[in-house]
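Structure, as structure tokens:
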Amino acid sequence: MDCGSKFIEDLIENKLEHFYYDDAKLLAEAYHNRADNERSLLVLAHCLTQARGYESAYHLLRTVSNPTAGAALNTAKCRYLFAHCAFMLNRVQEAEQTLRGTSVSDQLQLHPCFTGTVTLPYAHSLLARILCETNRVESARTHWAQAIRLNPLLWSAVRSYCDVGGEKMVELLQPSLDELAEWKSANNIIDDLIESKEQDNIGERGQRLASKIASGRIKNSSASVNSKTLSSAAPSSPIGNPAAAQTAATTIIERRRTRLRAADNRLTAAAAASIALRASENSPLTRSSKLVDSTSPGSGGGLLLIEQQKQQDEKEQLLLQQLKQQTVGKRITRRTANATAIAAVSATSQKLNQDNIQIKFNEKSKGNKIYYELLEWITQLARVQECLSRFRCIEALSLLNKIDPQFLQMPLTLELRARIFFENGEYRRCCQIFDEIRRLYPRRVQGMEIYSTALWQMHDTTKLSALASEMADVARDQPETWCIAGNCFSLEKQHETAIECLERSIRLNHRFDYAYSILGHELIDMNDLVRAEQAFRKAIVYAPNDYRAWYGLGLVHFKEEKIQLARVNLQRAVQINPTNTVLLCQLAVIEQSLHCTDLAMQYLERALKQQPNNVACRFHKARLLFDTGCYEEAKTELEELKVLSPDEAHVFFLLGRVNRKLGNTHLALLNFSMATEIDPRGEQNQSVLTTNKEPYDDEPI
């Protein structure tokens, strides 16, 4: 690429950076008209996609690729950009063909032009998304794994790989972990060597300098007058006293250790000491003792000694200033230890052998401490995400607590912590974490749909309404906002409005699987089972391991009295999330409908082991005991349950039936009366505790 083309492309990029898309597009069109090569084509297509003109970019690239199906897309970036545009326009087959080229159908490999380019991991990730949507999950998992190996910082690939059931994340990240461990080891070795050699050289040279100054530079005079004069001056002169000289030298060394000067003052401690010694030898101060000895007491020697002493003090101060200026060097710290630090240590001492230290840095991030800190953070979060995607919440929380404290307040870290509590059914703690996210990052959108569902589970209408209002103000064009609004209207029993909000969320992002799942449940409440099934199946297309969609699909089939099909779907949901009490409880209900009472009781016991006070599980356990004729056990269970949930009419109706079976007619009538007072119009018929269409009772009194 010549200088002129580079200049034009820089101008276009500058306009894109400042969001002047129309001007960038205008210049790119003129540039492509003149240059008419693949590079100019890429620049123009890039301008169109930046302005979300996927349709225009798609047709531009498709025009040059016909009629030989991509023959003109010779570079990796052009081919990837065309595939990305096709994918965004939901033309997944054409996107896959572009990424793979003419490869054989049973070998899902990328086009050779991607090999060795920076586009390779992104191409793997995009192809994986396409394969996942076309129900080729195993192949998708393979390509996501390759993307992670090539670029461990590609968090979207990490998350998607885990969500489709990917395992052995540590093995995928092993090259990055080895690189990280090597960097840490090299950093520690360099720091230790620098610190030890610096201290040794400073100590040795400083002690030698102090010893020479104290013992060899000022000779003792036999004259009592001179000795007396010098001894009287000794307290103010460090050279006149060996102890003081030692203190002065130590002070200088300590200043050398604790103060930082300009980078150009790079003399080592040994060089500074030798310079100071040479300066002291050439100084007239070394001849002061001879002058003192040659002066006789009777020839005005006292005045001469005083004058000489003043000169001596001034020159001593000059020597100390020289020593300080020449010994102060730039201290090498842990954060700046690199190849330059190794050279500095080598100059300090010949005993330090540089060849024994072998350090391998990444070419693009050599010596970049921040890169390795981020790499360590992402690798730790990847292990957390793996556990979270497999719903091992305790293990995920334990790994999350080991993250570097400087990353604990990052929004992604906090979101993962909140999701752990959410999947574990601890909605109150989940909301507390999301409240912290809202405080630190008030305009963050990602993850807020989970927050709204947690508030929905807690029936916190006030907070949910406030969240929906705030998100509508700051992110009205985001799909998460309308998903939150849908939850808000759902909690207020305005199901039709909730459905409209969720459909708008899907229009903004037709791959938003979470919105499809919530929409399906709203349609179930409206008894629109056909549309609900379509919504759940759409969610499964974009998220094959979404247990909410499989659970919803099972509910639809159960309401349609397709019990066997409902059982298959619920078993799939439990296989994905084996610790969810709602799934286990509903599967127990289905097994009970199929008269598999023992298996149903096993599922209920598993659920109660997770949450001993779960009202729905305990109610269905009592119902199962009642159906099997264990009336006393059912009565005991219901007596405890009505204390836990005193506002559930179903509990009192079932307790009345149990008492009637036991012959306690007066207690039966009392419980029936209490149930009628709690729910006089039968509004709780849609409660999670009921599985049939009868109001509460199916037997006459």
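The values are calculated or read from the model by the stated rules, or taken from the named source; none is laboratory data. Everything numeric here is computed off the predicted structure, so don't read it as measured data. Neighbour counts run over all protein chains shown; Cβ positions are idealised from the backbone, glycine included.
Among the residues of segment 472-487, write down those that are surrounded by 15 or more Cβ atoms within 10 Å (Cβ to Cβ) and touching a residue at least 24 places away in the same chain (Cβ under 8 Å).
Within segment 472-487, Ala475, Gln478, Pro479, Glu480, Thr481, Trp482, Cys483, Ile484, Gly486, Asn487 qualify.
Against the condition among the polar types (S, T, N, Q), within 39 Å of the chain's Cα centre (by Cα) and either modelled with pLDDT under 90 or surrounded by fewer than 24 Cβ atoms within 10 Å (Cβ to Cβ) (or both), how does Gln592 come out, does it pass?
The answer is no for Gln592.
Tell me the residue from Ser452, Ser469, Ser490 that is of a type outside the set (A, V, I, L, M, F, W, C) and surrounded by fewer than 17 Cβ atoms within 10 Å (Cβ to Cβ), please.
After ruling out the rest, the residue left standing is Ser469.
Among the numbered conditions (1) touching a Phe, Trp or Tyr at 6+ places or on another chain (Cβ under 8 Å); (2) under 25 Å from Arg390 (Cα atoms); (3) at pLDDT below 90, tell me where Ser160 comes up short.
(3)
What residue, of His18, His59, is at pLDDT 90 or above and closer than 14 Å to Leu81 by Cβ?
His59
Are there any pairs, at least 6 apart or on different chains, whose C-beta atoms fall under 6 Å, with the first in segment 382-411 and touching a residue at least 12 places away in the same chain (Cβ under 8 Å) and small (Gly, Ala, Ser) and the second assigned to a helix (DSSP H, G or I) and buried (at least 16 other Cβ atoms within 10 Å of the Cβ), and if so, which?
Ala382/Val158; Ala382/Met169; Ser389/Cys162; Ser389/Asp163; Ala396/Val384; Ala396/Cys387; Ala396/Leu388; Ala396/Ile420
For segment 79-94, how many residues meet the condition of being charged (D, E, K, R) and in a helix (DSSP H, G or I)?
2
Please determine, by comparing only the residues of segment 411-455 that are basic (Lys, Arg) and part of a helix (DSSP H, G or I), which one is farthest from Asn577 (Cα to Cα).
Per the stated criteria, the residue is Arg439.
How many of the residues in segment 3-32 are β-branched (Val, Ile, Thr) and over 13 Å from Ala45 (Cα atoms)?
1
Mind counting the residues in segment 387-410 that are surrounded by 12 or more Cβ atoms within 10 Å (Cβ to Cβ) and part of a helix (DSSP H, G or I)?
Here the count works out to 11.
Would segment 622-634 turn up any residue that is in contact with a Leu (Cβ under 7 Å, 6 or more places away or on another chain), free of Cβ contacts under 8 Å to residues at least 24 places away in the same chain, part of a helix (DSSP H, G or I) and not assigned by TED's automatic domain parsing to the domain that holds Leu131?
Within segment 622-634, one or more residues are in contact with a Leu (Cβ under 7 Å, 6 or more places away or on another chain), free of Cβ contacts under 8 Å to residues at least 24 places away in the same chain, part of a helix (DSSP H, G or I) and not assigned by TED's automatic domain parsing to the domain that holds Leu131.
Of the residues Leu599, Leu565, Leu584, which single one is free of Cβ contacts under 8 Å to residues at least 60 places away in the same chain, part of a helix (DSSP H, G or I) and buried (at least 21 other Cβ atoms within 10 Å of the Cβ)?
None of the others qualify; the one that does is Leu584.
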